[in-house]
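Data block below; observations after.
The values are calculated or read from the model by the stated rules, or taken from the named source; none is laboratory data. Just so it is clear, the model here is predicted, and its values are computed rather than measured. A quick note on method: Cβ atoms are made from the backbone with ideal geometry, for glycine too, and the neighbour counts reach across all protein chains shown. For accessibility, only protein heavy atoms count, side chains too; no ligands or nucleic acids. Shrake-Rupley method; radii C 1.70, N 1.55, O 1.52, S 1.80 Å.
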Amino acid sequence: MPSQYSAYVSDTAPGRGALRAARSWLHSDAPTRSLNGSWRFRLSPAVPTTADFASEGFDDSDWDSIPVPSHWVLQGDGAYGRPIYTNVQYPFPVDPPHVPDENPTGDYRRHFDLPADWAEAERVVLRFDGVESLFRLWVNGEEIGGASGSRLAHEFDVTSFVRPGDNVVAVRVHQWSAASYLEDQDQWWLPGIFRDVTLTARPAGGIEDVWLRTGYEDGQGRFEPEITAGVTAFPVTLRVPELGVERVWTAPDDVVPFEVGAVDPWSAEQPRLYDVTVSGAAESIALRVGFRTVEIRGDRFLVNGRRVVFHGMNRHETHPERGRVFDEEHAREDLARMKRFNVNAIRTSHYPPHPRLLDLADELGFWVVLECDLETHGFDAVGWVGNPSDDPAWREACLDRVRRTVERDKNHPSVVIWSLGNEAGTGGNLAAMAAWVHARDTGRPVHYEGDHTGEYTDVYSRMYASVPETESIGSDTSRAPLMNCTPAQSARQRTKPFLLCEYAHAMGNGPGSLDQYEELVHLYPRLHGGFVWEWRDHGILTTTPDGTPYYAYGGDFGETVHDGNFVMDGMLLSDDVPTPSLHEFKAVAQPVRFTFDSGTGHVEVTSLRHSADTSDLRLRWRVEHDGTVVDSGDLKSLVVAAGESARVPLPEVPVAHDAETWLTVDAVLAADTAWASAGHVIATAQLDCSARRPVPGVRRRTGWRPSDGTLTLGIADFAEGSLVRLGGRPVTGPRLELFRAPTDNDEGVSDEVEESDAAVAGVSAAALWRRDGLDRLTARRVSVERTDEALRTVSKVSAANSGSSVTVETVWSVEGDELELRVEIEPSRGWRTVWPRIGIRFDLPDGTAPVDGAEWFGLGPLESYPDSLRAARTGRFSAAVRDLSVDYARPQETGHRSQVRRLTLTSAGSEVLRLSAVPDLRGRRPGFTLSRHTPQQIARAAHPFELPDSTTTHLIVDAAQHGLGSRACGPDVRPEFALRPESRTIRLRLSAG
Ligand code: GAL
């Protein structure tokens, strides 16, 4: 028989006992006491059979202490269990509403002092802002109640249980409960009291809740106030000092909507806030309001009458040491970073964040899609049978969640859409949640992606739609039914605004094609942009047994079931380092566009902003000759209104005859903002003004004769046809390299491959590469010939048990005072897949002067790939070898610099080897990668600490690389960026440093 204590955990009721109704999270002057700090703590592996720990006299002296807020699995160095990561799967049997007896349960106790003057309070309330997953509360030995809804606020009336002076509060927290079925988000399971615990004295005549709904139209602001208070709270006065507004309501019935006159509107671009106080007889509440009107008109989503385009991020609350525990300073910096990278929107995936985050979003300026804490994705595995979203037994739990979500955050101007949750199938409870929200808040639309047919939500939302599919949704040219829709349902969905609540899965190196999605937004006004999945990696900082720190992912804590590194899919690495994909996002989302008209010597400046003009920006220009600045200045200043364009004259550009000439234009902040300093670059464009210069032709040589291949040509020494030294230092190569350490996208197995004929649904590109042996090529020398000034070898390169091969002809020749290397790469017939790269590799052993740096003229400064080139600009760059690679949580392909013209390898700052790349007959230039590990070594490591010690620097020069795509979760590389086996030429000129 289950004990009363274990039966408790499988009850679907969301709250019990003296739990109070949801209300706004307000800044009030009523007295409060934080109960954050050190609590006594005991962890039991299963639900204890008694609750004697809650009694007043219980002796907890042999218990440990734990900080509140925290997650117990991130405390005590493993003494309290370890985090578990799963994506879709439940880490317990799907047996709703039951959970296993092995249910880690944390008992917490602490004393607190109730000030004597609190005796005058009408009520004493104890608030929990976040406890995972179900908790039960006692004060002075009396049971008060309990609640679930981990990322939601719960308040309990403890008035009749507290006394002046010393009190003891006891909380029992169960890791697993019926509620866990509703919280199957793709993230770590992290139990504990992880948000603030606060005691508040509610005064007699206090204001229970305030909702200041605002509106904005034609320069005028409007308030629709709602005051929840008893008659004794009145008169209540609302003041907006800055606007000279003062309203006195003498009774609840007086509280009616009113116009406030001329105001500045709130938008994510100009987050204008006004300080407001609402004061009653006994309590005063401070709010910061923004005036804005959210509406859907036809298939447009508008704020203040103007269409919104979301350049958004899905934001989880995650930190490598704190987990979901909030740190305001870190959050503020995180949001400021988003602003610096042209992010204008946040979806709070997949639950309400710490309430302060929304104050920050109001202040810094973001469009927020505020999501309820609900996901039941694991029911997918059982065909959605028993899904809580469609079972009346769970209706109250679902409704309670959305009520707590909306009520807590309803005052925030940044919140422009409510989202019912994520991946919870569909059903009556979701429809009931939507109906409740519609009735409660007519001022914001309801979103839920799982409502595929649009039965009960207001916007059409999808995740991971491909570029062509997104285009077909945006355009009216396709009559094909939409996913999971009948023709009639499709027609309904096409009448709504569309957004991608998730797209561009940023796992590891990638995604590609961000710019292609962006183009569509400007072609089809129905499309409102979307939210990248996701903002940051969820790595948990831990150490190997020998003490090496690393960011752990699924499986690193010995979980029974887990989903590996699928939780490392952010645009920021776990340690806050922006990945190149975030730079790409910034370039793609830039709100100012430049279109050069070199004929008339003008540039057209277009503002893609929502409503702000460009008066906050300065336009700078500079001219570079082969990457060296030769002139610079400011363009004529101009103010472009949102959505408009204007033309500005370009400067005279001095064109070099022996160098490339590039004009770069930047839009930069003219003054400091809350999130960046003056001079911060918002948008950039480049114009190639180079004079045409001839490409040296290949000199045909005659007089080839068979050779033993042991000779010296310029700076190169050869033995038996193979390079052994360059400029006196040992170097081997070039060897054909077709392999790259598969990215997470290369390892993706999604079925979305219809566009790319070389891909196979359900089989990753990486699996095909391994099948074809690209990671283990071997060579057979076919011939070695020489002339007096040249050496030519031909090799056939292939893999074990493969009939396909590549013929590689290598010609070294002395051309004046330089050495030229020309490599002709020609695949046989029969290759069936795309290739990751077509490159040649040189190995440079360390010797006494390890190659540890590079300087180059080409695209940079960061890595770039064919479908992710927008952040790269033409210029001169330098970097240490270790900084040329990105520390992805799972090592993978990284570091490719595209379109290199000249590259110098350095050792401790001295030049070792200079290479320049001659474009091929179609003008294409190679890229390069400089790394301490080979692709094969990188591919074998699951974590950075597994990479072997290295004694060699590896240079790979690639004629081409495959795109990145987004197939870890979504579409494959677009066909135009897929690399098919093809013949390529690489031509380099080399000289010694
Ligand atoms: C989505 C889901 C996200 C995340 C993502 C993949 O389906 O909503 O929570 O799991 O896939 O990383």
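Note on the range 474-506: residues that are part of a loop (DSSP other than H, G, I, E, B), open to solvent by 10 Å² or more (accessible area, probe 1.4 Å) and either within 18 Å of residue 868 (Cβ to Cβ) or within 16 Å of the ligand (Cβ to nearest atom) (or both) amount to 2.
Residues that are among the β-branched types (Val, Ile, Thr) and touching a Cys at 6+ places or on another chain (Cβ under 8 Å) within the range 423-464 comprise just one, 453. Scanning the range 576-624 for residues that are of a type in the set (Gly, Ala, Ser) and either open to solvent by 30 Å² or more (accessible area, probe 1.4 Å) or in a loop (DSSP other than H, G, I, E, B) (or both) yields 589, 598, 599, 601, 611, 612, 615. Scanning the range 420-429 for residues that are more than 15 Å from the ligand (Cβ to nearest atom) and closer than 18 Å to residue 380 by Cβ yields a count of 2. Looking at residue 887, is it free of Cβ contacts under 8 Å to residues at least 40 places away in the same chain and within 22 Å of the chain's Cα centre (by Cα)? No. Would you call residue 388 more than 16 Å from the ligand (Cβ to nearest atom), farther than 21 Å from residue 569 by Cβ and surrounded by fewer than 24 Cβ atoms within 10 Å (Cβ to Cβ)? Spelling it out, it is not the case that residue 388 is more than 16 Å from the ligand (Cβ to nearest atom), farther than 21 Å from residue 569 by Cβ and surrounded by fewer than 24 Cβ atoms within 10 Å (Cβ to Cβ).
In a residue-by-residue description of the range 710-730, the property of being outside any strand (DSSP E or B), touching a Cys at 6+ places or on another chain (Cβ under 8 Å), small (Gly, Ala, Ser) and surrounded by 15 or more Cβ atoms within 10 Å (Cβ to Cβ) applies to no position. Within the range 165-178, one or more residues are surrounded by fewer than 19 Cβ atoms within 10 Å (Cβ to Cβ) and either among the basic types (Lys, Arg) or not assigned by TED's automatic domain parsing to the domain that holds residue 314 (or both). When you go through (1) under 21 Å from residue 510 (Cα atoms); (2) β-branched (Val, Ile, Thr); (3) without any contact (Cβ under 8 Å) to a residue 40 or more places away in the chain one by one for residue 743, which number turns out not to apply? So the condition that residue 743 fails would be (3). Residues that are away from the ligand (no atom under 16 Å from the Cβ) and surrounded by fewer than 23 Cβ atoms within 10 Å (Cβ to Cβ) were ranked within the range 447-464; the one that is nearest to residue 528 (Cα to Cα) is 458. Within the range 337-376, the set of residues being surrounded by fewer than 23 Cβ atoms within 10 Å (Cβ to Cβ) and closer than 30 Å to residue 180 by Cα comprises 355, 356, 359, 360.
Here is a check on your reading of the model: is residue 661 surrounded by fewer than 20 Cβ atoms within 10 Å (Cβ to Cβ) and polar (S, T, N, Q)? Give the derivation first.
Values: surrounded by fewer than 20 Cβ atoms within 10 Å (Cβ to Cβ): yes; polar (S, T, N, Q): yes.
Taking the combined requirement at face value, the residue satisfies it.
Just one of the listed residues (25, 39, 63) is farther than 23 Å from residue 156 by Cα and either surrounded by 17 or more Cβ atoms within 10 Å (Cβ to Cβ) or outside the structural domain of residue 153 (by TED's automatic domain parsing) (or both), namely 63.
Against the numbered list (1) over 18 Å from residue 129 (Cβ atoms); (2) away from the ligand (no atom under 16 Å from the Cβ); (3) buried (at least 24 other Cβ atoms within 10 Å of the Cβ), residue 149 comes up short only at (1).
Among 979, 988, which is the only one that is within 30 Å of residue 564 (Cα to Cα), out of contact with any Cys (no Cβ under 7 Å at 6 or more places or on another chain) and aliphatic (A, V, I, L, M)? Please lay out each step first, then the result.
On the way: 988 fails: within 30 Å of residue 564 (Cα to Cα).
Of the residues listed, the single one that is within 30 Å of residue 564 (Cα to Cα), out of contact with any Cys (no Cβ under 7 Å at 6 or more places or on another chain) and aliphatic (A, V, I, L, M) is 979.
The listed residues are 555, 564, 539, and the only one of them that is farther than 23 Å from residue 448 by Cβ and crowded, with 19+ Cβ neighbours inside 10 Å turns out to be 539. Scanning the range 948-960 turns up no residue that is more than 28 Å from residue 726 (Cβ to Cβ) and either away from the ligand (no atom under 16 Å from the Cβ) or open to solvent by less than 20 Å² (accessible area, probe 1.4 Å) (or both). Restricted to the range 432-446, and to residues there that are open to solvent by less than 30 Å² (accessible area, probe 1.4 Å) and of a type in the set (D, E, K, R), the residue that is nearest to the ligand (Cβ to nearest atom) is 444.
Restricting the range 241-254 to residues that are in contact with a Lys or Arg (Cβ under 9 Å, 6 or more places away or on another chain) and buried (at least 17 other Cβ atoms within 10 Å of the Cβ) leaves a set whose member that is nearest to residue 366 (Cα to Cα) is 245. Going by the conditions given, is residue 963 more than 30 Å from residue 729 (Cα to Cα) and away from the ligand (no atom under 16 Å from the Cβ)? Here the answer is yes, as residue 963 does meet what is asked. Within the range 625-649, the set of residues being open to solvent by 60 Å² or more (accessible area, probe 1.4 Å) and charged (D, E, K, R) comprises 631, 634, 636, 644, 647. For first residues located in the range 91-103 and closer than 14 Å to residue 184 by Cβ, partners that are open to solvent by 30 Å² or more (accessible area, probe 1.4 Å) and small (Gly, Ala, Ser) and lie 6+ apart or on another chain with Cβ distances below 8 Å form the pairs 94/381; 94/386; 96/386; 97/393. Considering only residues of the range 51-90 that are of a type in the set (Asp, Glu) and without any contact (Cβ under 8 Å) to a residue 40 or more places away in the chain, which is farthest from the ligand (Cβ to nearest atom)? Step by step, filter the range 51-90, then rank; the result is 59.
Residues of the range 55-70 that are under 37 Å from the mean Cα position of the chain (by Cα) and polar (S, T, N, Q): 65, 70. For the range 263-272, the criterion of being in contact with a Phe, Trp or Tyr (Cβ under 6 Å, 6 or more places away or on another chain), without any contact (Cβ under 8 Å) to a residue 40 or more places away in the chain and either open to solvent by 50 Å² or more (accessible area, probe 1.4 Å) or within 16 Å of the ligand (Cβ to nearest atom) (or both) is met by at least one residue.
Table: residues versus (1) surrounded by 20 or more Cβ atoms within 10 Å (Cβ to Cβ); (2) in contact with a Lys or Arg (Cβ under 7 Å, 6 or more places away or on another chain).
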position	(1), (2)
858	yes, yes
867	yes, yes
872	yes, no
885	yes, no
889	yes, no
898	yes, no
907	yes, no
921	no, no
930	yes, no
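Examine the range 807-819 for a residue that is closer than 19 Å to residue 920 by Cβ, in contact (Cβ under 8 Å) with a residue 12 or more places away in the chain and aromatic (Phe, Trp, Tyr), and state whether such a residue exists. Yes, the range 807-819 has at least one match.
Close contacts from the range 534-547, counting a first residue that is under 30 Å from residue 464 (Cα atoms) and a second that is within 16 Å of the ligand (Cβ to nearest atom) and among the charged types (D, E, K, R), with Cβ to Cβ under 8 Å and a gap of 6+ residues or different chains, come to 534/315; 534/502; 534/569; 535/315; 536/315; 537/569.
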